[in-house]
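Structure record follows, encoded as structure tokens.
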Amino acid sequence: MIEPYKTKLLTNLKKTRGLIETIEKMVENDRYCMDIAQQINASLGLMKSAKDLILQSHLSSCASHKLMSEDKEEKERFIQELMDVFHISHKK
């Protein structure tokens, strides 16, 4: 993983960990359900952002040389890999 994506990813993961801990305490303390749901949505947003950062890093570092490869099979495998990731990332 390359910079600046690595640093941003680690920041997002640390924020997510903090949010999860907050959510656990909210549940333990019987906080209002909609407040808990809002915090869960915030953590999901951070995880989506983290996933996007990983994909951006991958495209910036790995994609360029694989797409320029003379090896047609390698190029096709990489394109299929990208398509698989694209489909996974759009599942709900």
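Readers should treat all values here as calculations from the given coordinates under stated rules, not as data from a laboratory. Just so you know, these numbers come straight off a predicted model, no measurement behind them. Here the Cβ is made from the backbone with ideal geometry for all residues, glycine too, and neighbour counts use every protein chain on show.
Per-structure values
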| quantity | calculated |
| --- | --- |
| Residue within region 65-80 that is under 14 Å from the mean Cα position of the chain (by Cα) and either surrounded by 12 or more Cβ atoms within 10 Å (Cβ to Cβ) or of a type in the set (D, E, K, R) (or both) present | no |
| Scan of region 1-15 for residues that are assigned to a helix (DSSP H, G or I) and surrounded by 13 or more Cβ atoms within 10 Å (Cβ to Cβ), ordered by number | Tyr5, Lys6, Lys8, Leu9, Leu10, Thr11, Asn12, Leu13, Lys15 |
| Only one of Ala63, Ala50 that is touching a Leu at 6+ places or on another chain (Cβ under 7 Å), under 24 Å from Glu3 (Cα atoms) and aliphatic (A, V, I, L, M) | Ala50 |
| Subset of region 36-48 that is exposed (fewer than 15 other Cβ atoms within 10 Å of the Cβ) and not aliphatic (A, V, I, L, M) - its residue that is farthest from Gly18 (Cα to Cα) | Lys48 |
| Unmet requirement for Gly18, which otherwise passes all of (1) in a helix (DSSP H, G or I); (2) loosely packed, with under 14 Cβ neighbours inside 10 Å; (3) within 16 Å of the chain's Cα centre (by Cα); (4) not aliphatic (A, V, I, L, M) | (3) |
